[in-house]
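Below you'll find the structure, written out as structure tokens, and then a few comments.
Rule-based calculations on the coordinates, nothing more; no lab input. What you see is a predicted model; the values in this text were computed from it and never measured. With ideal geometry, Cβ positions are generated from the backbone for all residues, glycine too; neighbour counts draw on all protein chains shown.
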Amino acid sequence: MESVPTLAELREHSAWFWVWCERCLHHASVAFVPLMIRWGPDASSDKLRHSARCTSCGHKGATLQHPGWVDTQAGFAPFLVQHE
């Protein structure tokens, strides 16, 4: 059985991630630190998967995705600020 990563473990790879709605596929960039402050760094990433609510359709539940890899100098893509 695979171990579910904690928020701190996911944060080791990138400062942010994509949260995708499982119903309407709306997505948003989210920073890890506020969630780690709220729930603690050892919180299971499943807590976020189950708690996330889509701001577009209201569905509860989400898929998490790391940002895209840019190159060896930049690493992962920088945090995206979405203007709605």
5 angstrom amide H check on H59, placed H, neighbours 5+ away: C54
Whole-Hz ³J(HN,Hα) from phi, Karplus 6.51 cos²θ - 1.76 cosθ + 1.60, for the range 35-52, glycine and proline x: 6, 5, 5, 5, 10, x, x, 8, 5, 5, 5, 5, 4, 5, 4, 7, 8, 4
Mean Cβ neighbour count within 10 Å, used as a protection proxy, ranking 61-67, 5-11 highest first: 5-11, 61-67
